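The values are calculated or read from the model by the stated rules, or taken from the named source; none is laboratory data. Please read all numbers here as calculations on a predicted model, not as lab measurements. Using ideal geometry, Cβ is built from the backbone for each residue, glycine included, and neighbour counts are taken over all protein chains shown. Please note that ligands, DNA and RNA were not included when accessible areas were found on the heavy atoms of the full protein model with its side chains. Shrake-Rupley method; radii C 1.70, N 1.55, O 1.52, S 1.80 Å.
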Amino acid sequence: MTGLNALRSPPSFLQSRLQELPHRDVLDAEEAWWKGEGIAISDAIDRAGTPWLRMFDRLGKRVDEILYPREYQTILRRGYRSGVVWRALEEKSLIPAYLLIYNLSFHDPGICCPYTVSLGTAVPLAKYGSAELQARFLPQLSRKDDSVWQGATWMTEIKGGSDLGAAVETIARPSGDSWLLTGEKYFTSNAGAELAVVAARPEGAAASVRGLALFLVPRYRKDGELNYFIRRLKDKIATRSVPTGE
């Protein structure tokens, strides 16, 4: 496939630019599925499938559960099974994940936001996390089936997100063998993720970007209670299928 025709097929375009294209069979299979089923699902979700927040259960307990159209899970979980996260960890390379995300974003850019922030959770954990944290969380993030955990990277606060040194006011205080984070994140993509990387400032640290640290925040504490609360989901004009909250 050459010329303009190659632009209509992400795997063909990538092949025309690269001497070798890893996982071409996986990319071709994903492209065929999206053309046959995925695009119609994506279009329907974009028109009317915005997720919504269920703050309390029927007994009045705070649950902050994000509800999705059933079809959204079909396309979301497929990408995780294909390897947007586990291939990067297993092969110790970001190239397979980048190829898959490029391929998938051609058909639905919004669905790739959860993949990107999940990757942005798993890879730093694998690179910088302690052995204890890696043993606790990496297996869930690298699963190859629908039980895989999703990640998120939450930095932005109400004053803005480009200058983290000036904008982040969330404070982290030691609490036993962990930390207690107090603050609010204003634009949290993939709200409801099982695990988030969160920027906070240890109490007494410098009031600049060098005073910030990153913390892993699971959705649930060890006692099963919620570890963070969602005030609301944002009303957006684009990537509406991605739950972004406060």
SER130: accessible area at probe 1.4 Å, nearest 10 Å²? 50
Percent RCO, i.e. relative contact order, over the chain, from Cα pairs under 8 Å lying at least 6 residues apart: 17
Any chance you could look up the accessible area of MET155 with a 1.4 Å probe, heavy atoms only, rounded to 10 Å²? 40
Would you kindly find the accessible area of LYS127, with a 1.4 Å probe and non-protein molecules such as ligands, DNA and RNA excluded, rounding to the nearest 10 Å²? 140
If the cut-off is a Cα-Cα distance under 17 Å, which aspartates and glutamates reach LYS144, setting aside same-chain residues fewer than 8 apart in sequence? GLU30, GLU90, GLU91, GLU194
Taking Cα pairs closer than 8 Å and at least 6 residues apart, the relative contact order of the stretch 136-246 in percent is 24
Once Lys and Arg get +1 and Asp and Glu get -1 on their Cβ, which of LEU141, SER241, ILE101 lies farthest toward the positive end of the dipole of the chain? SER241
How many percent of DSSP beta bridges within the chain run antiparallel, rounded to 5? 75
Need one word for the stretch 166-205: rounded, prolate or oblate. Basis is the Cα gyration tensor (sqrt eigenvalues a ≥ b ≥ c); a/c below 1.5 gives rounded, then a/b vs b/c decides. oblate
Given axes a ≥ b ≥ c from the Cα gyration tensor, I'd like to know whether the chain is rounded (a/c under 1.5), prolate (a/b larger than b/c) or oblate. prolate
Charge dipole (debye, nearest 20) of the chain; +1 at Cβ of Lys and Arg, -1 at Cβ of Asp and Glu: 260
Considering only Cα-Cα distances, which of the following residue pairs are longer than 18 Å: LYS61/LYS236; LYS127/LYS222; LYS159/LYS234? LYS61/LYS236; LYS127/LYS222
Using θ = phi - 60° and the Karplus form 6.51 cos²θ - 1.76 cosθ + 1.60, what ³J(HN,Hα) does each residue of the stretch 110-127 get, whole Hz, x for Gly and Pro? x, 5, 7, 4, x, 5, 5, 6, 5, 4, x, 8, 5, 5, x, 4, 5, 8
In whole angstrom, note down how far apart the Cα centers of the stretch 179-199 and the stretch 1-50 are. 32
From DSSP H assignment alone, runs of 4+ in the chain each adding -39500 (n - 2.57), the sum over residues rounded to the nearest 500 puts [θ] at 222 nm at -11000 deg cm²/dmol
Return one number: the angle in degrees, 0 to 90 and rounded to the nearest 10, between the long axis of the Cα atoms of helix 70-82 and the longest principal axis of the Cα atoms of the chain. 80
Counting only residues 5 or more apart in sequence or on a different chain, those whose built amide H sits under 5 Å from that of THR239 are none
Rounded, prolate or oblate for the stretch 60-143? Axes are the square roots of the Cα gyration tensor eigenvalues, ordered a ≥ b ≥ c, and the cut-off for rounded is a/c under 1.5. oblate
Looking at THR116, GLY79, PRO10, which one has the Cα that reaches farthest to the positive end of the dipole of the chain (charges on Cβ: Lys, Arg +1; Asp, Glu -1)? THR116
Against the longest alpha carbon principal axis of the chain, how many degrees, from 0 to 90 and to the nearest 10, is the axis of helix 95-105 turned? 80
